[in-house]
Amino acid sequence: MRMKAAKPPLPSQDKRWKIIDAKMRKLGYQSHALIETLHAVQESFGYLEEDALKWVGKSLRVPPSKVYGVATFYNFFTLKPGGVHTCVVCLGTACYVKSAAHILEAIETFAQIKPGETTPDKQLSLLTVRCIGACGIAPAVVYDGNVAGRLTPDLAIEKLKGNLTHAS
Amino acid sequence: MLLEELNAIAEKEKAARKQIRIRCCMSAGCMSSQAAEIKQALDKAVADRQLGDQVEVQRVGCMGLCGQGPLVSVEPEGVLYEQVTPETAGTIVEALAGGTAQAQRGDPTRPFFSRQLAVVSKNGGRIDPERIEAYIEAGGYSALHRVLHEMTPPEVVEAITKSGLRGRGGAGFPTGLKWATVAKSKGERKYVVCNGDEGDPGAFMDRSVLESDPHSVIEGMAIAAYAVGASHGFLYVRAEYPLAISRLQIAIRQAKQYGLLGEELFESTFNFNVEIRIGAGAFVCGEETALMASIEGRRGQPRPRPPFPAESGLWGFPTLINNVETFANIVPIISWGAEWYASLGTEKSKGTKVFALTGKIRNNGLIEVPMGITIREIVEELGGGAPEGTQIKAVQTGGPSGGCIPAKLFDTPVDYDSLMKVGSIMGSGGMVVMDESTNMVDVARFYMQFCMEESCGKCIPCRAGTVQMYNLLNKILERKATLKDLEALEELCDMVKHTSLCGLGQTAPNPVISTLRYFRNEYLALLQPEPGEEKAYNNGQTAGSATTR
């Protein structure tokens with residue numbers, strides 16, 4: 001019979017760890033809860049930090065190699081903290097046909113960063129996505145979780161500027 | 001829950017219905033253009049004019065014409081408003097009291113709507129997806145009751161087989177046969193999984209079904225579970241669809257409260273519970289074995305089949321995996337009969353199919369049409385043809401696994417076998433229209449880049465082959481390639497297609513193969529002569545006309 005390992009203590013007093021622990025408890029601390037738990041970590045902290053990965057791995061009794069493997073396999077997870085604001089350009093087929101590439105180019109030039117990067121002042125992260133399913137209003141960009149459709153490069157920059165001046 | 005109680009809920013819901021209903025589309029497309037603010041404005045206008053006794057503002061799911069959103073309709077008059085704004089929303093209420101609506105009027109009788117046949121999308125744009133009572137009023141959960149009390153599991157499988165339903169995920173495997181295999185498989189536990197990892201770029205049918213009518217999928221899964229002998233289900237939905245996830249969570253919670261999920265449903269011995277699993281952005285997870293790996297909390301890498309999931313699936317137990325749209329077809333088949341369903345469509349492709357019609361076309365949106373309709377009818381009649389001043393060149397179906405169908409073949413009927421014959425596939429339902437400004441070699445590169453980045457890396461033909469094909473396509477587009485490179489590309493297509501482990505790799509060359517088949521000239525126009533030939537060519541030129549270059 002397998003020895004039941006003691007549950008590792010929460011990494012810190014931060015309340016967010018309790019939310020993540022609750023998620024794992026709900027799924028019985030089973031190894032198949034890994035992806036769901038990583039979602040909870042990313043939702044709480046914005047990214048997957050190394051301590052979080054170690055702690056989740058210990059709690060679910062999944063070796064660090066597998067936790068890291070899962071965290072890096074899926075596009076949705078990120079190991080680096082993002083900027084205050086995010087701008088996600090959809091590169092699905094409908095957006096592609098309607099010149100999403102020009103929108104991405106304009107944003108890259110405006111922000112001076114490439115997809116996957118964050119500006120040095122940590123204000124903006126630029127990301128791309130496969131398809132957000134908003135094809136009816138292509139081309140689309142997601143600003144801080146809000147979808148904007150029927151964009152042109154100029155309109156996309158204008159919206160981005162508006163978004164950056166908003167305090168998050 | 002008893003049938004009488006179910007009927008009582010429906011009656012109560014019907015009695016509470018107001019005379020005039022303003023329906024506000026609150027699916028992801030319209031939500032992104034201020035549908036929430038529009039609903040607020042409508043609510044406020046109704047309250048201001050003290051019309052609350054006669055008028056109600058309903059949140060509803062997708063109405064289909066996403067390109068003209070946000071959409072608002074007024075029932076029972078059947079008036080449709082397009083591109084509504086929070087500013088013009090109030091005037092729609094004023095129009096009810098004799099004023100004039102400032103919002104743009106749409107024509108609900110145009111072919112985009114009249115040529116459709118709503119089976120899967122029957123509740124879309126009609127009921128509030130966040131209220132189970134609305135679904136019950138529309139006849140919801142009575143099919144589950146009927147199945148549990150009037151049919152044996154083999155009879156349910158028989159009905160699905162008779163209906164001729166084929167998997168809507170793209171490959172078109174007969175659903176009844178799959179159910180029968182799982183039902184026959186032995187295992188102390190069995191699972192039912194709904195594949196909502198709609199990964200094809202340019203496709204949003206499943207998102208719309210989940211957002212507009214989540215209970216129809218849950219009820220379909222419950223019926224499937226009864227038929228195959230499972231008691232636990234998983235709904236795997238991609239993380240890019242937050243609204244669909246939240247509506248499913250609400251739907252599951254409400255179904256549990258009413259005892260429509262859980263133990264001893266409708267006082268029978270049948271138990272069924274369903275859990276949501278959220279994807280994490282990997283296209284390959286749409287492949288069934290990769291999807292199961294992901295549910296088990298692992299990297300989403302496919303494994304060789306057999307054994308098929310029907311025999312050995314989740315944690316080694318027999319597992320039934322169907323697509324969202326497949327499950328959404330189950331309730332109509334049970335309610336309206338397998339014979340009725342089998343009377344729709346063509347000989348080998350029964351029923352209807354939902355398509356996401358997008359790209360360079362007038363009417364962007366979601367349509368549901370009977371199988372066998374031609375591409376021309378979809379593009380020209382429902383889609384309204386190309387926007388002013390452009391000409392349609394091709395239609396892409398099946399996403400990165402499909403192909404491009406040129407305009408000259410638009411009389412091809414839309415069914416599994418005909419589309420396969422012209423080098424494309426039905427796919428999950430993405431239909432992207434391309435016009436003369438689209439470079440087909442660039443389209444091929446677009447899809448190849450997608451497959452290259454989404455390759456899970458497990459098998460070499462797909463991992464390395466897609467990179468090589470992408471590089472060759474790049475070389476061609478940079479006008480640096482020769483005929484030999486094109487030959488190498490074709491050879492690679494053949495190799496990757498026949499030696500890859502899973503569907504992703506096996507179909508990755510399809511966009512290249514189909515564009516080469518129909519638009520070879522566009523490739524040839526970008527090629528350079530071989531280095532040796534160029535010399536000979538130049539030598540020839542010095543002797544005579546030097547004007548060609």
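No lab work stands behind these numbers, since they all come straight from the coordinates. Please read all numbers here as calculations on a predicted model, not as lab measurements. Neighbour counts are summed over all protein chains in view; Cβ atoms, including those assigned to glycine, are modelled from backbone coordinates with ideal geometry.
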Given Cβ point charges of +1 (Lys, Arg) and -1 (Asp, Glu) and nothing else, what value in debye, to the nearest 20, does the dipole of the protein assembly as shown about its Cα centre take? 1680
Would you mind pulling out the separation of the Cα centroids of region B:107-133 and region B:392-447, in Å? 26
Excluding residues fewer than 8 positions from B:Lys190 in its own chain, the lysines with Cα under 18 Å of it are B:Lys178
Which GluC sites (Glu not before Pro) in region B:106-199 sit in a loop by DSSP (not H, G, I, E or B) and have at most 12 other Cβ atoms within 10 Å of their own Cβ? B:Glu188
Amide H contacts under 5 Å for B:Arg166, restricted to residues at least 5 apart in sequence or on another chain and with H modeled in the peptide plane, are B:Thr175, B:Lys350
Three-way shape label, the protein assembly as shown, alpha-carbon gyration tensor, a/c 1.5: rounded
Could you compute how fast region A:125-168 diffuses translationally, taking Rh as the Kirkwood radius over C-alpha pairs and applying Stokes-Einstein at 25 °C with viscosity 0.890 mPa s? Give it in µm² per second. 222
Would you mind computing Rg(Cα) / (2.2 N^0.38 Å) for region B:350-507, counting N as its residues? 1.10
So in chain B, which Cys have no other cysteine's beta-carbon sitting under 4.7 angstrom from theirs? B:Cys24, B:Cys62, B:Cys66, B:Cys194, B:Cys285, B:Cys404, B:Cys451, B:Cys456, B:Cys459, B:Cys462, B:Cys493, B:Cys502
Test of the criteria: in region B:1-90, which trypsin sites (Lys or Arg not before Pro) are in a DSSP loop and have at most 14 other Cβ atoms within 10 angstrom of their Cβ? B:Arg17
Dimensions of region B:1-120 along principal axes (Cα, Å, largest first)? 46, 38, 25
The convex hull of the Cα atoms of region B:168-247, divided by residue count, gives a volume in Å³ per residue of 99
For chain B, what is the relative contact order in percent, using Cα pairs closer than 8 Å and at least 6 residues apart in sequence? 13
Residues B:Leu148, B:Leu2, sorted so that the one with the fewest Cβ neighbours within 10 Å comes first: B:Leu2, B:Leu148
Between 0 and 90°, nearest 10: helix B:483-499 axis offset from chain B longest Cα axis: 40
Based on the Cα gyration tensor of region B:126-205, what are the three equivalent ellipsoid semi-axes, each the root of five times an eigenvalue, rounded to whole Å and given largest first? 24, 22, 13
Using Cα-only point scatterers and the Debye equation, what is log10 of I(q)/I(0) for region A:1-135 at each q in 0.12, 0.16, 0.19, 0.20 Å⁻¹, rounded to two decimals? -0.59, -0.87, -1.05, -1.11
Mean projected area (nm²) of the alpha-carbon convex hull when chain B is viewed from all directions: 27.6
Antiparallel DSSP beta bridges within the protein assembly as shown, percent to nearest 5: 50
Placing +1 on the Cβ of each Lys and Arg and -1 on the Cβ of each Asp and Glu in region A:1-152, which of A:Gly28, A:Ile103, A:Pro81 has its Cα farthest towards the positive end of the resulting dipole? A:Gly28
Mind computing the radius of gyration and Dmax over the alpha-carbon atoms of region B:255-414? Å is fine for both. 20.3, 63
Go through region A:89-168 and name the trypsin sites (Lys or Arg not before Pro) that are in a DSSP coil and have 12 or fewer other Cβ atoms within 10 Å of their Cβ. A:Lys122
Return the calculated 222 nm mean residue ellipticity for chain B, to the nearest 500 deg cm²/dmol, obtained by summing -39500 (n - 2.57) across DSSP H runs with n ≥ 4 and dividing by the residue count. -12500 deg cm²/dmol
Take the alpha carbon atoms of region B:320-384, find their center, do the same for region B:184-210, and report the distance between the two centers in whole angstrom. 18
Expressed as a whole-number percentage, the relative contact order of region B:184-276 with C-alpha contacts under 8 angstrom and at least six residues apart is 32
I'd like the distance separating the alpha-carbon centroids of region A:23-101 and region B:503-531, in whole Å. 36
